Amino acid sequence: MSEATAWSRREALAGLGLLAVSGGMAHAAGSAASSAPAASEPSIVPAEVFADFMRLRTSPEGRPVLWVYSGVLVVKPEGEVARTLARIEGLSRSFAVAQPDGSYLWTLDEAGYYCDPQTGEVASSLFNPFIGQNVVPKHYRSPQTLRFSRNGIIPGRELPPGIDFRGEITRLGEVAGTVALTEDLYVRMGATAATADRPARPVRFANSLATFTTLRRNLQRPANEWVDCQFNYTTLNTFVDWLQMGGRAGVQDMRLVGIKCRLEDREAVPSSLRARIEREHPDLLKGSERT
């Protein structure tokens with residue numbers, strides 16, 4: 001996976017390959033996560049909460065589902081007022097496979113585009129007011145894999161040294177018959193020294209905070225029935241390289257909202273996004289196979 005194509009809504013995670021499959025699943029939660037203090041380890045997810053979460057995240061037939069989303073990229077350097085630099089349009093395709101231990105191996109493939117904040121057109125350049133010049137956005141195609149379980153969330157392979165990962169599933173609340181469940185990922189990447197082909201990097205952070213909602217009555221239907229789901233993501237991450245912030249302190253936030261839909265429900269995908277995906281990433285919309 002190249003740096004030019006890997007940055008997604010979980011950009012630091014996927015960009016470093018932390019969520020990508022490599023030679024199968026890793027054991028437990030990775031060396032860095034297993035060494036974390038006990039106080040930071042997620043508690044056991046109640047069985048009902050976990051069952052509801054998996055119904056929101058998957059299809060009852062085990063077939064892939066689409067997640068169609070829209071949002072904005074917000075940039076806030078330390079000491080500055082946050083500003084929106086781009087709109088974001090994208091979709092992902094995911095499926096989950098039950099494992100013998102009761103967990104699920106969840107795989108996602110995602111493509112998205114940074115767009116002009118005024119016109120909504122896919123951008124070849126964007127103006128960054130914090131540096132006073134145009135930058136070239138890196139649109140993304142990002143494969144990701146996680147394991148969901150009642151013990152929380154772990155990455156799809158063992159983590160390299162110096163990386164701390166924590167993933168949690170929680171029941172956020174219920175308001176007026178609407179149920180909200182969360183999937184939160186917290187990652188800290190230690191500083192790295194310079195090499196012959198890579199500059200030194202300071203400590204970096206990636207936080208992906210997802211909320212999935214549906215009506216309580218949907219979850220009371222038989223387990224073999226489809227459950228509609230809406231979602232929103234917010235991320236609080238270290239600046240990506242293409243913003244050219246030069247190591248400045250601060251955070252970027254990708255704020256996304258969207259829906260889950262069946263793979264064959266092409267009308268749920270905006271026509272302009274669908275046309276671009278069909279042209280550049282046609283495999284994301286083809287067939288019902290689990291790949």
Just tell me which aspartates and glutamates come within less than 18 Å, Cα to Cα, of LYS138; anything on the same chain fewer than 8 places away is out.
-> GLU3, GLU11, GLU89, ASP109, GLU110, ASP116, GLU121, ASP241, ASP253, GLU280
Using a basic spin-label model with each label point 7 Å from the Cα along Cα→Cβ, how many nm lie between LYS286 and GLN244?
-> 3.7 nm
Residues in region 196-223 near a label at GLN230, defined as backbone nitrogen under 20 Å from the 7 Å Cα→Cβ point?
-> 209-221
P(r) of region 202-291 over all Cα-Cα pairs, binned every 10 Å from zero, in whole percent = 13, 27, 33, 21, 6, 0
Region 99-142: percent of C-alpha pairs farther apart than 13 Å?
-> 67 percent
Can you figure out the FRET efficiency of GLU80 with SER125, using R₀ = 22 Å and their beta-carbon distance, to the nearest 0.05?
-> 0.55
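Per residue, what volume in Å³ does the Cα convex hull of region 3-285 take up? If you can, show how the numbers build up before the last one.
Working: hull volume 44.0 nm³, N = 283.
For region 3-285, the hull spanned by Cα atoms encloses 156 Å³ per residue.
Could you tally the net charge around MET189, taking each other residue with its Cβ under 10 Å from the Cβ of MET189, Lys/Arg +1 and Asp/Glu -1?
The answer is +2.
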Can you put THR195, THR238 in order, fewest other beta carbons within 10 Å first?
-> THR195, THR238
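Bear in mind these aren't lab numbers, they're just calculated from the coordinates by the rules spelled out. Bear in mind that the values here come from a model prediction, so they are computed numbers and not experimental data. Backbone-built Cβ (ideal geometry, glycine too); neighbour counts: all protein chains shown.
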